[in-house]
Amino acid sequence: MENESKLITVLEKLDISLKTLEDRKILQKKIYFLEQLGLKLGYDFGFYIYGPYSSDLTKDAFSYYNRKNIMSESIVSNKLSKRDESSFKQLNKLLEGVDEQSVANELELLSSIHFLKNISYIQINDVKKMQEEIKKRKPGRFSNKRIEVAWNKLKRYKLIS
């Protein structure tokens with residue numbers, strides 16, 4: 001990990017456990033979006049079953065949580081820059097109105113659309129093509145309507161064009 005103290009600060013601020021698959025999905029997708037919104041931790045993401053995923057992030061997060069209780073407070077108490085704080089605010093706006101039980105799935109869909117549109121080599125220029133791609137990669141997981149709503153949300157927040 002290039003910037004361990006920054007990761008620790010971000011993990012503390014996110015306050016997510018890694019006990020369940022849902023927790024780990026939330027962590028992966030929130031860090032993915034924070035990086036896309038300007039908070040740089042240096043993780044590379046690939047596309048896997050639940051969307052963007054970084055094995056290095058998983059390794060670093062588990063390492064941190066496993067030794068959290070024995071770490072000194074000075075490592076954890078770093079401040080984030082204004083730009084980094086702005087990334088958190090944008091992420092919170094993106095998730096406004098999403099109930100707690102739906103956060104993992106909402107983040108999975110939003111980050112999958114974002115990754116496929118902006119990072120993958122697939123040319124997807126409209127919601128219909130995205131619906132086809134999501135249905136192919138995640139059969140039975142998301143309806144066309146949900147994909148369209150997520151697509152429009154990402155456009156509204158200027159995360160896709």
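Computed values, structure above
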quantity	calculated
ASN125, sole failed condition from (1) assigned to a helix (DSSP H, G or I); (2) over 14 Å from LEU11 (Cα atoms); (3) without any contact (Cβ under 8 Å) to a residue 40 or more places away in the chain	(1)
The listed residue being in a helix (DSSP H, G or I) and either surrounded by fewer than 18 Cβ atoms within 10 Å (Cβ to Cβ) or of a type in the set (Lys, Arg) (or both), out of GLU108, GLU132	GLU132
Near pairs, Cβ below 6 angstrom, 6+ apart or cross-chain, from segment 83-96 (under 23 Å from ASN152 (Cβ atoms) and in contact (Cβ under 8 Å) with a residue 12 or more places away in the chain) to any residue that is aromatic (Phe, Trp, Tyr) and surrounded by 19 or more Cβ atoms within 10 Å (Cβ to Cβ)	LEU91/PHE33
Residue in segment 80-99 that is part of a helix (DSSP H, G or I), in contact with an Asp or Glu (Cβ under 8 Å, 6 or more places away or on another chain), modelled with pLDDT under 95 and surrounded by 10 or more Cβ atoms within 10 Å (Cβ to Cβ) present	no
The listed residue being at pLDDT 95 or above and in contact with a His (Cβ under 9 Å, 6 or more places away or on another chain), out of LEU109, LEU154	LEU154
Members of segment 1-33 that are exposed (fewer than 13 other Cβ atoms within 10 Å of the Cβ), of a type outside the set (A, V, I, L, M) and under 19 Å from GLY46 (Cβ atoms)	GLU2
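The values are calculated or read from the model by the stated rules, or taken from the named source; none is laboratory data. As the structure is a prediction and not an experimental result, all values here were calculated from the model. Heads up, the Cβs are rebuilt from the backbone with ideal geometry, glycines too, and the neighbour counts pull from every protein chain shown.
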